[in-house]
Every structure is written in C-alpha cells, then in structure tokens.
Amino acid sequence: MDLEQEVAALRATVRDLQERQAIRDCILRECRGRDRQDVDIINSCWWEDGVDEHGPIITRAPDYAARANMGHGKFFLSTSHNITNHLCEIDGDTAYCESYTVGGLFWQDGKTTTIAFGRYIDQLERRGGEWRLLTRRCTIEMTADTDASWVYSANVKGFLKPHWSREDASYQRPVVASTQGERW
C-alpha cells in the first residue's frame, strides 16, 4: 500500500469511528436526559417522526419525553440508565444498534430499588449530518429487587443526591468541588 492509499484508508477509518461515536453519544445523551428529566436533551436525540416502544406502549417522539418523565416521576425518586455492551451496524445514513442496559430504579417508597437488565434495539438516521433515534424497541431480560436502605447509611452520608432538573450537579460549569448541594 502506498502512502496515498494508506492516508485514504486512515481517513475512512477515522470517519467510521466519528460516526460510531456520534451514534453512541446520542444514545448516552438520551439516557442522561431521562435521568435528569430534561425534555430538551431527550428531544434532541429523536427525530420528530420517531417512535419508542416500551412494553406494550408505542409513543411518538414529540410525546415521548413528557410521557417518560411522567412515568418516572409517578413511580420513582430517581433513575439511572446505563449502557454497557453496544453493537452498531452502519448502512449509509441508517444505523442499527443493540445496546445492553442496566437500569436502577429507586421507588417512591424510599425503601426499594429495582435493577433492570435489558436492551435497546434502535434504528438511528443521519439527517443533515446529525444522528438521531428513529425507532427504539426496549426489552427487559431480568430484574432484581433490593433493599434501598444503604443510601441512608453512614457509608453514603454526605454524597450528593441526584436531581430531576438543571439543579443537578452535572449541569454545573465549571465543575467545582464544594460542600454545597443536597446530600444524603
């Protein structure tokens, strides 16, 4: 391979990696938006004609953020959506992804936490150079319930509490270590 071919191959590899990172960033940003109940972040991850399937309910993208936030707020004090294994197949301006999820659900009773394992089966599209979700199907593989009392223990005392708002520490710029903020 001569230098010109090597540079062309390198450019193609970098382009592919950039696309994959943009797709993964979209999926991760959507999780963050739901864990902060941030409608703007959630909506920025979906195309207007997108649809989400969570269990038997299919929700159009324009209604999804409000519906997800309402459901979370009705049952939970906080949530934590985590992406683990992530597979991505790019076909032009369409990407097919399978992302394994681990979700932490801290119930309103303040006594129970459920950990849910599942997958997001997503189709994303690139429009105008931007990747967003078009279709999501959600699976639940298994769950585990646990006593949530540890968050009230001396081991956790003083840790920051999460907020379903822009009051969450993750919005702070610059990030400054401080003793301020709501604590366990």
Fill in: Cut-off 11 Å between beta-carbons: net charge of the residues surrounding E182, Lys and Arg +1, Asp and Glu -1
0
Discussion item. I'd like the carbon and sulfur percentage of the solvent accessible area for the stretch 54-166, probe radius 1.4 Å, heavy atoms only, ligands and nucleic acids excluded.
Written reply: 56 percent
Fill in: Debye, to nearest 20: dipole size of the stretch 10-63, +1 on Lys, Arg Cβ, -1 on Asp, Glu Cβ
360 debye
Discussion item. So the label point goes 7 Å from the Cα of L87 along Cα→C-beta, right? Which residues of the stretch 1-25 then have their backbone N under 17 Å from it?
Written reply: 24
Response to the item:
Here the relative contact order (percent) of the chain, from C-alpha pairs under 8 Å and at least 6 apart, is 18 percent
Discussion item. For a protection proxy built on the mean count of beta-carbon atoms within 10 angstrom, sort 26-39, 9-22 highest first, please.
Written reply: 26-39, 9-22
Worksheet entry | C-alpha long axis of helix 61-75 to longest principal axis of the chain, angle in ° | 30 degrees
Worksheet entry | Paramagnetic reach from D49 in the stretch 101-135 [backbone N under 17 Å; point 7 Å along Cα→Cβ] | 123-135
Response to the item:
To the nearest Å², the heavy-atom accessible area per residue of the chain with 1.4 Å probe amounts to 61 Å²
Practice prompt. Using +1 at the Cβ of each Lys and Arg and -1 at the Cβ of each Asp and Glu in the chain, identify which of L124, N155, C138 lies farthest towards the dipole's positive end.
Written response: N155
Worksheet item: Full extension from R173 to K161: what is 0.36 nm times the residue separation minus their Cα-Cα distance, to one decimal in nm?
Response: 2.5 nm
Discussion item. Using alpha carbons only, how many angstrom separate the centre of the stretch 1-42 from the centre of the stretch 132-163?
Written reply: 26 Å
Item to complete: Multiply the residue separation of D2 and A144 by 0.36 nm, subtract the distance between their alpha-carbon atoms, and state the gained length in nm to one decimal.
Response: 45.5 nm
Worksheet item: Of the peptides 85-96, 131-142, how do they stack up when ordered by the mean number of other Cβ atoms within 10 Å, highest first?
Response: 131-142, 85-96
Worksheet item: Given +1 on the Cβ of Lys and Arg, -1 on the Cβ of Asp and Glu, and no further charges, what dipole in debye does the chain carry about its Cα centre, rounded to the nearest 20?
Response: 820 debye
Fill in: Nearest-ten-degree value, helix 3-36 long axis tilted from longest Cα axis of the chain
20 degrees
Worksheet, complete the sentence: Amide H contacts under 5 Å for F76, restricted to residues at least 5 apart in sequence or on another chain and with H modeled in the peptide plane, are Q108
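The values are calculated or read from the model by the stated rules, or taken from the named source; none is laboratory data. Given the structure is predicted, the values throughout are model-derived calculations rather than measurements. Ideal geometry is used to build each Cβ from the backbone, glycine not excepted, and the neighbour counts take in all protein chains shown. The accessibility values were calculated without ligands, DNA or RNA, using every heavy atom of the protein model including side chains. Shrake-Rupley method; radii C 1.70, N 1.55, O 1.52, S 1.80 Å.
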